[in-house]
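What follows is a set of notes on a single structure, which appears directly below.
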Amino acid sequence: MVLGDPARWKQVVESPTPRWDPFEVESAPQEHRRGNGAESKTVLQGTVETLTFHNPETGFAVIKVSPEAGYGDPEVAGWSFPSVAAVGRWEHPNAGARVRLLGRWTRHATHGRRFEFESAELLAPESNEGLARYLASGAFPGIGPVTAQRIVLKLGLEALERIRADPEVLAGIPGLKKAVREELSRELASRLSEHERLAFLRGVGLNATQARSVYSRWGDECEAEVRRDPYALADVIGGIGFVTVDRIAASLGWREDSIERCRAGLLHELKEAAGDGHVLVPRARLVERTLTLLAQPGQELVERALAQLTDARRVVQDGDGDVYLAALHRAEVSLAASIARLLEAGDVTPLADAARVQDGGELDLTQREAVIGLLSHPLALLTGGPGVGKTTIVRKVVELAERSAARVLLASPTGRAARRLSEATGRDASTIHRMLGYEPQTGGFAFGADRPLEADLVIVDEVSMLDVTLAASLFAALAASTRVILVGDPNQLPSVGAGNVLHDLIESGVLPVFRLTRIYRQKTGGLIVANAHRILSGEAPLLPDRGDRTADFYFFPADDATSAAERLVEVVTERVPSTFGVDWLRDVQVLAPMYRGDCGVDALNERLRAKALGLPERDLFGGERRVTGFRVGDRVIQTRNDYEKDVFNGDMGRVSAVHADGGLTVAFPERELHYSSENRSDLQLAFAITVHRAQGSEYPVVVFPLVTQQAVMLRRNLLYTAVTRAKRLLVLVGSRRALDLALANDLDEGRLSRLAPRLRGRRTAE
């Protein structure tokens, strides 16, 4: 409900307890709640007394609200409530405005009890006094307290609607020139229209952030656009699911057999497949899954929708009966063409001969052959597990290439992996995005086919993390004369994004692969490296004798998920620090297979955060599944590359300050950075993180839960990846049954792509 609906004003003003509609944020006394537990929200309704802070760029506001009867702080007894602080995003906050805020009551470590709202809706003023105060709030140029009183006396409670409809109703009021009257009408029209549109979007089921995204994209036309095709919301709002837009469409009267619904279902299935790592979906499977998703429409209608998407070039169907999202098809075709272009160079002059490779005598025969081979081909792969000497060989390759006056560039997919590469070689290394000159404004790169990288040799580490889209951009930016060495472990988890580039390159057989198998990095009695290789073979890891406190690999048994979680916290915060003398807040990283469950990332973060901050677990989350706020002392991880801040995906820090405007200060090892309320979403709590999030990183100590509750995720490559993240100590906590499940499950994810056959086809054609 918004100011622009006088009929509904009357309903609210006259009804002390209006009906609570779960699909629209209507007035609701304090006892009326949405859902329960994690999803419980409540309403604070009242008049804004003061505007304490407002950031016009982000919309973040701190206001003081005088609650109406029945809407105050539930911790305060009675029906007469003192004013309360409220924080959240509100584009145009004004003192004097009557508002309805949807959110929850919280207690901030510094600022105390307050109401955190996710949406703010203007309500009709209840009295002439309230309306006059709103008009005189400073939001409307030229309108002071005296003039506001005159307007209300002449036009009454319907003043706002009457002014918006015709500014000339203000004619004759002393002190109001025509220009001021017209400006007031325009400003009211703009504000009320925005609130009406946002109320419509909230009413159909979008949350505050989603509604703001849609309004930013379509403006005042957003309601018309949504009514015209609600399924288009999936293209505007990142991450919105088909179920949500389908529910919105149903609420707007759309039929289940509409062609628009079929197109949306097909795109949803393709996006879901891409989220699972597949570059393509076989046509028959796509149609079958879409029919299952939609339930009602017949196959003929789905086939027609697929044809429309193909004609519109949103999807591509190839001659093998596969269907791609258009962007993934372009990436796969481009990557295959770029690799073929590099391979056309054939035999190249080696950057070093055998004598120079042997100089120093630190390499054995297999390693020397690998170095010579890597320096003698236009494109080559170096693979192997932990401890087999990949770092030694890369360091030697860089040294020899530079002695040949070659310009060498080093890169990895993530910031932490790039820093590891830099430390290993003693040279500068960057993320692939930075090397290619990522441009945040356009989402593109400065270097590409029209402007190739200026390098004689490019070495890319941790290639298992490379998805098809980023790989296509990388190879497109390589000149035909540039040599490329790719380094990676094919037994690691594949990339988060679509594709399985390292696996496909090996399978294609079109480029030389140098495999290292001999283990070098293993101290006497060391078990981490040895057990990593045993895990790959499906063998149970070797464990130290009972009471041995000198080993680097341990297993603490726990029968069920709850007891495993409790024991893990004990191991992390007590046993490891006391036995090995490490600071758990700095040196111990908990990795978990998934977010959900007693031993999932979210629950473990809750428990470990409580230990770190000395707080009862029940006070941390209020029953929520995920953390919605941060506290001083929180360990956090950056979740995307931010080139303006010079902070990268995987970087870890600690929250050193929480500010009144919703911003944070985070202390990273090198420096402190400020995060506004807008970009703090780039951070996640990181006492525990997923194994996928840890790819490309190493930690002094890794603790990993193994419980049958997470059996769906337990595979050899996931356990192997977790184990190989540990440098000094690895501790497993859980059941032997879960360990056996992980060791027995060596099924390949079977990511669907045609990169390997495309590469083989190009080589055959040559």
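If you take the square roots of the eigenvalues of the alpha-carbon gyration tensor of the range 318-406 and sort them as a ≥ b ≥ c, do you get rounded (a/c under 1.5), prolate (a/b over b/c) or oblate? The partial results should precede the final answer.
Numbers: a/c = 3.31, a/b = 2.15, b/c = 1.54.
Prolate is the answer for the range 318-406, as a/c is 1.5 or above and a/b outweighs b/c.
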- Cα centroid distance between the range 733-752 and the range 704-720, in Å? 6
- Message: Suppose each label sits 7 Å from its Cα in the direction of the beta carbon; what would the Thr50-Asp646 distance come out to in nanometres?
- Response: 4.0
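Would you mind counting up the charge near Phe553? Only other residues with Cβ under 11 Å from its Cβ, with Lys and Arg at +1 and Asp and Glu at -1. Let's see the in-between values first.
Details: positive: Arg534, Arg728; negative: Asp548, Asp552.
Overall, the nearby charge balance is 0.
If DNA, RNA and ligands are ignored and the probe is 1.4 Å, what is the ranking of Ser563, Ser697 by accessible area, most exposed first? List each step's numbers first, then the result.
Values: Ser563 35, Ser697 5 Å².
The ordering from most to least exposed comes out as Ser563, Ser697.
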- With r as the distance between the Cβ atoms of Asp560 and Tyr520 and R0 = 56 Å, compute the FRET efficiency 1/(1 + (r/R0)^6) and round to 0.05. 0.90
- Task: Treat every Asp and Glu Cβ in the range 681-738 as -1 and every Lys and Arg Cβ as +1, leave all other atoms uncharged, and give the resulting dipole magnitude about the Cα centre to the nearest 20 debye.
- Result: 300
- Once both labels are modelled 7 Å past Cα along the beta-carbon direction, what's the Thr665-Arg736 spacing in nm? 5.2
- Message: Between 0 and 90 degrees, rounded to the nearest ten: what's the tilt of helix 755-765 against the longest Cα principal axis of the chain?
- Response: 50
- Task: Please give the residues of the range 439-468, grouped as numeric ranges, whose backbone N is less than 15 Å from a label point set 7 Å along the Cα-to-Cβ vector of Ala345.
- Result: 452-460
- Item | Net charge of neighbours whose Cβ lies under 12 Å from the Cβ of Ser735, counting Lys and Arg as +1 and Asp and Glu as -1 | 0
- Message: What is the angle, in °, between the Cα long axis of helix 326-343 and the longest principal axis of the Cα atoms in the chain? Nearest 10 is fine, range 0 to 90.
- Response: 30
- Please give the residues of the range 99-134, grouped as numeric ranges, whose backbone N is less than 18 Å from a label point set 7 Å along the Cα-to-Cβ vector of Ile173. 124-134
- Item | Counted charge near Gly142, where neighbours are those whose Cβ lies closer than 14 Å (Asp, Glu -1; Lys, Arg +1) | +2
- Note on the structure: For the range 124-251, the percent of all C-alpha pairs falling in each 5 Å bin, from 0 up to the bin holding the max distance, is 2, 11, 18, 18, 10, 10, 10, 10, 7, 3, 1, 0
- Using Cα pairs under 8 angstrom and six or more residues apart, how large is the relative contact order of the range 671-754, in percent? 33
- Message: Projecting each Cα onto the charge dipole of the chain (Lys/Arg +1, Asp/Glu -1 at the beta carbon, about the Cα centre), which of Leu342, Thr550, Gly144 comes out farthest on the positive side?
- Response: Thr550
- Can you give the charge dipole size of the range 49-143 about its Cα centre, rounded to the nearest 20 debye, using +1 on the beta carbon of Lys and Arg and -1 on the beta carbon of Asp and Glu? 180
- Would you please give the FRET efficiency between Ala295 and Arg330, computed as 1/(1 + (r/R0)^6) with r the Cβ-Cβ distance and R0 = 35 Å, to the nearest 0.05? 0.60
- Taking Cα atoms, the helix 145-155 axis meets the longest principal axis of the chain at an angle in degrees (rounded to 10) of 70
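Leaving ligands and nucleic acids out of the surface, order Lys41, Lys396 by accessible area at 1.4 Å, largest first.
On the way: Lys41 35, Lys396 5 Å².
So, going from the largest accessible area down, we get Lys41, Lys396.
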- Mind counting lysine pairs for me in the chain? Cα separation below 18 Å, and the two need to be 8 or more apart along the chain or on different chains. 5
- Listed peptides 379-390, 678-689, 179-190 by packing density, highest first (mean Cβ within 10 Å): 379-390, 678-689, 179-190
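Mind putting a number on the dipole of the chain about its Cα centre? Charges go on the C-beta only, +1 for Lys and Arg and -1 for Asp and Glu, and I need it in Debye to the nearest 20. If you can, show how the numbers build up before the last one.
Numbers: 95 positive and 102 negative charges, 168 e Å.
Roughly 800 debye, rounded to the nearest 20.
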- Express the relative contact order of the chain as a whole percentage, based on alpha carbon pairs under 8 Å and six or more residues apart in sequence. 10
- Query: Along the charge dipole of the chain, Cβ charges K/R +1 and D/E -1, which of Gly298, Gly581, Tyr520 sits furthest on the positive end?
  - Reply: Gly581
- For the chain, whose charge dipole is built from +1 on Lys and Arg Cβ atoms and -1 on Asp and Glu Cβ atoms, the candidate among Ala312, Asn55, Pro700 with its Cα farthest towards the positive end is Pro700
- Let me have the 222 nm mean residue ellipticity of the chain computed from DSSP H runs of 4+ only, each contributing -39500 (n - 2.57), with the sum over all residues rounded to the nearest 500. -11000 deg cm²/dmol
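Please state the relative contact order of the range 79-201 as a whole percent: Cα pairs under 8 Å, 6+ residues apart?
Values: 151 pairs, mean separation 23.7, N = 123.
Result for the range 79-201 is 19 percent.
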- Calculated Rg/Rh (Cα atoms, Kirkwood Rh) (choose from (1) 1.02; (2) 1.00; (3) 1.09), label: (1)
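The values are calculated or read from the model by the stated rules, or taken from the named source; none is laboratory data. Please read these numbers as outputs of a predicted model, since none were measured by experiment. We place every Cβ from the backbone using ideal geometry, glycine too, and count neighbours over all the protein chains shown. With ligands, DNA and RNA removed, areas are computed over all heavy atoms of the protein, side chains included. Shrake-Rupley method; radii C 1.70, N 1.55, O 1.52, S 1.80 Å.
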